[in-house]
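Below is one structure, written out as structure tokens; the observations come after it.
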Amino acid sequence: MGERICCVCHELLEEGAKSLGGRYFCESHYAKIARDRQSVWRTTIVALLGLLAYVLLVELIVSLTKPTLSGLPLVVVGVIIALIPALLWLIVFYLQDRLEPEPKEHVLGIFALGALLALTIGLPLRNELFPMPAGLMAGREVVVELLRSVFILGFSQEYLKYAVVRYTVFNSPEFDERVDGIIYCAASALGFATVINLDYILRSGGALLHVAAIRVTITALAQASFSGMMGYFLGRAKFENMGKWWLPGGLALVAVLNGLVTFLLGEATTAGLGYTPIYGLIIVAVVAVLTFGTLFILMRRINAATLASV
Amino acid sequence: MQAATRPRSWFWSGEEPEWIVVTVVIVALVLGWALMTVVTSQTMDVVLDDLLVRYPVDWIQDGQMAAEEGYELYAAGLSASQPRLAVGVLTELDPAAPVSLSELVARRGFSQAATKEMYRVLASERAIIGGKVGVAVTYGYVKDVASASHLSSLPVVMEGVDYLMPYKGKVHLISLEVAASDFEAHRRTFERILRSVHWR
């Protein structure tokens, strides 16, 4: 019989150590695994409502003041607008997390790594290596856009955000609860989304402020939702033996959903040369509510089942 | 019960070997790239004498030209500055009165300047198309289509390249042009068209 090691802190365990789903745990980590961190769900709800309020606020400010910014001032304001969704989430997370803290440096580090991978791999892959080909007829354009959204953007984006968590904090003792998967994946996604949003603002030379506010919110919410799903798969893989296809299957599922929603967002918001971002905001808000609602229910069920088996 | 240890070589072995995840992602990217290539690279052929050129299947052939004059094809769209491909025979060479490539370039320039507004040659250089040597003339002009006035468009600066290719006693012309502002976006398509050129 081989040695028994806690799957969280890698401490050597005695005979009769606690086990769950084919994994062994030391006493302290066994007690923590099924903890249901209410702060995560509160953060999610507050951040979601906060983002919608932020869009309304920018819309209100723009309609009241009718700003006539251009050039550098417009870009600067655009950059601030692009940073707000991530800042909002981080602030809410920090305030909510005081009672049940997650190491801030880990969360910020994951956020920064997500941004770094978006900048160095995600954006070049999307903009340079696989740009949308020009000059296609409408019917073929739709097919190519769908293929590009699902196979190229979906898989590359989800893998990069997943890699940030999987190859860093996943094997560390700080990842000691199932729900940590969702926390770290959301941080990675927001870093990723922030760079995508900055790229959009800088490429468009500032953009209309209220349109920019909606667009950056859509990106942040969509990326956080998909990564939240991936966090669920990672959270379970860490503490249970889910089989070798659990993570690849989860990643493929999330990547396909990412691609389909990205495609749907593109189709719903653009008609001819027009751009109606509000439809995108509605779609992504529904996706976010459904995603995090489902995750909440799943987590509660699994944690309840774990506690019942203790 | 087996011990649940996490092996150090977690990439290759263990309960969740990471190589499967990486493989799934690589397969998806390759599959996506392949499917996109299949959809975007479907082509049709135009054959003119000994010259064969493939163009994107969704480009439209200008029905006003007779087949013996050559072919003019353009990408579908409302704009008058859509990408265009013209394939034709510029002139038949007379062995008794040989002309140099630079003379052909000059003649082409004069004839184009007579019909196109603000026509300017931007560069001319040696080019090898389909394994044959010729010359590439990059040009620009202003396009103001009177019949497109209902499209509310301003005159457009066009940019294009004429490839003059002597072959079997004729100088063939392959011309590619688009609005100058869209030239970079269509460079890949143009390169694909040029790579498809085949001399029989």
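The values are calculated or read from the model by the stated rules, or taken from the named source; none is laboratory data. Please read all numbers here as calculations on a predicted model, not as lab measurements. Glycine also receives a Cβ, built like all others from the backbone with ideal geometry; neighbour counts cover every protein chain displayed. Surface areas here come from the heavy atoms of the whole protein model, side chains and all, with no ligands, DNA or RNA. Shrake-Rupley method; radii C 1.70, N 1.55, O 1.52, S 1.80 Å.
Just so you know, in segment B:180-190 the residues that are open to solvent by less than 40 Å² (accessible area, probe 1.4 Å) and under 15 Å from B:D162 (Cα atoms) include one that is farthest from the other protein chains (Cβ to nearest Cβ), and it is B:A180.
Could you please let me know if B:S175 is open to solvent by less than 20 Å² (accessible area, probe 1.4 Å), away from chain A (no Cβ under 14 Å) and of a type in the set (S, T, Y)? Criteria met by B:S175.
In the list A:P124, A:P131, which residue meets the criterion of being outside any loop (DSSP other than H, G, I, E, B) and open to solvent by 10 Å² or more (accessible area, probe 1.4 Å)?
Numbers: A:P131 fails: outside any loop (DSSP other than H, G, I, E, B).
Unique residue meeting the criteria: A:P124.
Selection of first residues in segment A:65-76 that are modelled with pLDDT under 80 and of second residues that are exposed (fewer than 10 other Cβ atoms within 10 Å of the Cβ), restricted to Cβ pairs under 6 Å at least 6 apart or on distinct chains, gives an empty result. Only a single item in (1) over 20 Å from the mean Cα position of the chain (by Cα); (2) open to solvent by less than 30 Å² (accessible area, probe 1.4 Å) is not met by B:E117, and it is number (2).
Quick one: count up the residues across segment A:203-235 that are under 29 Å from A:A163 (Cβ atoms) and out of contact with any helix residue (DSSP H, G or I) (no Cβ under 7 Å at 6 or more places or on another chain). The qualifying residues number 2. Screening segment A:18-59 for residues that are of a type in the set (S, T, N, Q) and part of a helix (DSSP H, G or I) and picking the one that is surrounded by the most Cβ atoms within 10 Å (Cβ to Cβ) gives A:T44.
Residues in segment A:279-295 that are open to solvent by 60 Å² or more (accessible area, probe 1.4 Å) and not hydroxyl-bearing (S, T, Y) were compared, and the one that is farthest from A:A186 (Cα to Cα) is A:I282.
For segment A:64-78, the candidate set comprises residues that are open to solvent by 40 Å² or more (accessible area, probe 1.4 Å) and in a helix (DSSP H, G or I); within that set, the residue that is nearest to A:A47 (Cα to Cα) is A:V77. All of A:E174, A:E158, A:E145 fail the test of being in contact (Cβ under 8 Å) with a residue 40 or more places away in the chain, open to solvent by less than 10 Å² (accessible area, probe 1.4 Å) and charged (D, E, K, R), apart from A:E158. Quick one: is B:V142 farther than 25 Å from B:L48 by Cβ and touching a strand residue (DSSP E or B) at 6+ places or on another chain (Cβ under 7 Å)? It is true that B:V142 is farther than 25 Å from B:L48 by Cβ and touching a strand residue (DSSP E or B) at 6+ places or on another chain (Cβ under 7 Å). Please verify whether segment A:279-295 includes one or more residues that are more than 17 Å from the chain's Cα centre (by Cα) and without any contact (Cβ under 8 Å) to a residue 40 or more places away in the chain. Scanning segment A:279-295, I find at least one residue that is more than 17 Å from the chain's Cα centre (by Cα) and without any contact (Cβ under 8 Å) to a residue 40 or more places away in the chain, so the answer is yes.
Give segment A:155-180 a look and list any residue that's of a type in the set (S, T, N, Q) and modelled with pLDDT of 95 or more, or say none.
Within segment A:155-180, A:S156, A:Q157 qualify.
All told, A:E3 meets the bar of being within 12 Å of chain B (Cβ to nearest Cβ) and of a type in the set (D, E, K, R). Scanning segment A:95-110 for residues that are in contact with a helix residue (DSSP H, G or I) (Cβ under 7 Å, 6 or more places away or on another chain) and open to solvent by 90 Å² or more (accessible area, probe 1.4 Å) yields one hit, A:L99. Residue selection: B:A123 satisfies the criterion of being open to solvent by 40 Å² or more (accessible area, probe 1.4 Å), modelled with pLDDT of 90 or more and within 25 Å of B:D182 (Cα to Cα). Within segment A:1-45, being of a type in the set (F, W, Y) and over 17 Å from A:G235 (Cβ atoms) holds for one residue alone: A:Y24. Candidates are the residues of segment A:144-154 that are at the interface with another protein chain (Cβ under 7 Å from one of its Cβ atoms) and within 16 Å of A:T270 (Cβ to Cβ); the one that is modelled with the highest pLDDT is A:R148.
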